[in-house]
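Remarks on the structure that follows.
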Amino acid sequence: MRATVRTFLARECPISVVRATVERDEPADALWQHMVALGWPGLTVPADHGGVGLGFVELGVVVEELGRVIAPGPFLATATQFVPVVRNAGTPEQRARFLGAVANGRITGALAASGGTGSAAAADLGVVARAAGDGWRLEGTEHHVLDGDTADELAVAARVDGGVGLFVVPATAVRTRATPTLDASRHYASVELEGVTLGGDRALSAPGDNRAGDNGSALERALHEATTGLALETVGTCQSIFDLALAHAKAREQFGVPIGSFQAIKHKFADLLVTLERARATCYFAALTIAEDDDRRALATSMAKAAAGDCQRLVAQEGIQVLGGIGFTWEHDMHLYVKRAKAGDALLGTAGRHRLRVAELIGL
């Protein structure tokens, strides 16, 4: 599967596609349509809703490979953020309605929750929902929403009587403001809900009643998938930074020999490889806990995000250092990968935030 995905992306997502998005804000529509044709958006959508019905490990393989080529487009937000919310919290009718539309490429999705910090606590949610007749009225703002201004549907988490409610809100019902970001290969936005009224069919499960705790659990479980997916993508991006730096160290000569032959450079690459493999192994352990619904999934998710964050910090720094002056130029591709890795660390909780979460979970 990995070989197939890598071969496809080498052909359909060269760095020129990324630069077109960064420099001219051209949407990668052709790439997305190819993904839809291959069934990628529906990888974890059940087969009876038109999806492929695979598990999270398989999705993780695809996401890591997308990170290697820093692919633009709506895949990450749709497949690792929107889909898990609907799959975990929706009724059978809602899953058929929204997941089926994702699987056949009719809609893309995003997740608006906790200001992009990855917290499932009601106190951290920026939107409040109140019952309004047979429906719901939503008020508030969520910041740092990946694809918040381009997705067709938004999975919104809101405070409901001290609990957590989950809703699917059409993009046409909200107002969005693009957020300037280091990583221009993606869209981030603030999503403003001003008196948005929804019918009961767009409320996932039953927020505010005695199943509110289940909704909170559904959000946590969805965030595990979203966070681990982002960590795996970061690992893929770090692999490309490593590969670019290594190729340069083999080709660049000083004093008549490749700089990669110098002991100091060898030490750098040894440290980078250890950090990279540690992060990759930790992320796939988290992916396995999600796939097997292991009780350690919350702990493993935070460990994965922390490991990926540590990895990007070292790999980005040393990758640019090895390249020397050219590593700082716009013309070289290195900055595109570094910016994606840095943005990935900031979204859904930084490495430091997740390290604190690990300490809490193990009782420190």
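The values are calculated or read from the model by the stated rules, or taken from the named source; none is laboratory data. Note that the structure is predicted; figures quoted are calculated from it, not measured. Every residue, glycine as well, gets a Cβ built from its backbone with ideal geometry; the counts of neighbours run over all protein chains shown. Please note that ligands, DNA and RNA were not included when accessible areas were found on the heavy atoms of the full protein model with its side chains. Shrake-Rupley method; radii C 1.70, N 1.55, O 1.52, S 1.80 Å.
Table: residues versus (1) in contact (Cβ under 8 Å) with a residue 40 or more places away in the chain; (2) farther than 27 Å from LYS339 by Cβ; (3) touching a strand residue (DSSP E or B) at 6+ places or on another chain (Cβ under 9 Å); (4) of a type in the set (Val, Ile, Thr).
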{"position": "ARG6", "(1), (2), (3), (4)": "yes, no, no, no"}
{"position": "GLU12", "(1), (2), (3), (4)": "no, no, no, no"}
{"position": "ILE15", "(1), (2), (3), (4)": "yes, no, no, yes"}
{"position": "ALA30", "(1), (2), (3), (4)": "no, no, no, no"}
{"position": "MET35", "(1), (2), (3), (4)": "yes, no, no, no"}
{"position": "VAL45", "(1), (2), (3), (4)": "yes, yes, no, yes"}
{"position": "ALA71", "(1), (2), (3), (4)": "yes, no, no, no"}
{"position": "GLY90", "(1), (2), (3), (4)": "yes, yes, yes, no"}
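Taken over the range 156-184, the criterion of being in contact with a Leu (Cβ under 7 Å, 6 or more places away or on another chain) and outside any helix (DSSP H, G or I) is satisfied by VAL156, ALA157, ALA158, ARG159, VAL164, LEU166, PHE167, VAL168, VAL169, VAL174. Criterion applied to HIS224, HIS267 was being modelled with pLDDT of 95 or more, over 30 Å from ARG296 (Cα atoms) and not hydrophobic (A, V, I, L, M, F, W, C), and the one residue passing it is HIS267. For the range 295-318, taking the residues that are open to solvent by less than 30 Å² (accessible area, probe 1.4 Å) and among the polar types (S, T, N, Q), the one that is nearest to THR350 (Cα to Cα) is identified as SER302. Of all the listed residues (GLY42, GLY67), the sole one being under 20 Å from CYS238 (Cβ atoms) and open to solvent by less than 60 Å² (accessible area, probe 1.4 Å) is GLY67. For the range 103-113, indicate whether the set of residues that are of a type in the set (Gly, Ala, Ser) and either over 22 Å from ALA231 (Cα atoms) or open to solvent by 30 Å² or more (accessible area, probe 1.4 Å) (or both) is non-empty. Yes, the range 103-113 contains a residue that is of a type in the set (Gly, Ala, Ser) and either over 22 Å from ALA231 (Cα atoms) or open to solvent by 30 Å² or more (accessible area, probe 1.4 Å) (or both). Can you pull out every residue in the range 114-134 that is open to solvent by 10 Å² or more (accessible area, probe 1.4 Å), of a type outside the set (Asp, Glu) and farther than 12 Å from SER190 by Cα? Answer for the range 114-134, where residues must be open to solvent by 10 Å² or more (accessible area, probe 1.4 Å), of a type outside the set (Asp, Glu) and farther than 12 Å from SER190 by Cα: THR117, GLY118, SER119, ALA120, ALA121, ALA122, ALA123, VAL128, ARG130, ALA131, ALA132, GLY133.
Conditions (1) in a helix (DSSP H, G or I); (2) free of Cβ contacts under 8 Å to residues at least 60 places away in the same chain, marked per residue:
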{"site": "HIS224", "(1), (2)": "yes, no"}
{"site": "GLY229", "(1), (2)": "yes, no"}
{"site": "THR237", "(1), (2)": "yes, no"}
{"site": "LEU273", "(1), (2)": "yes, yes"}
{"site": "THR282", "(1), (2)": "yes, yes"}
{"site": "ILE290", "(1), (2)": "yes, no"}
{"site": "ASP294", "(1), (2)": "no, yes"}
{"site": "ALA304", "(1), (2)": "yes, no"}
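Count of the range 103-134 residues, restricted to those that are within 22 Å of SER217 (Cβ to Cβ) and either of a type in the set (Ser, Thr, Tyr) or not in a strand (DSSP E or B) (or both), is 14.
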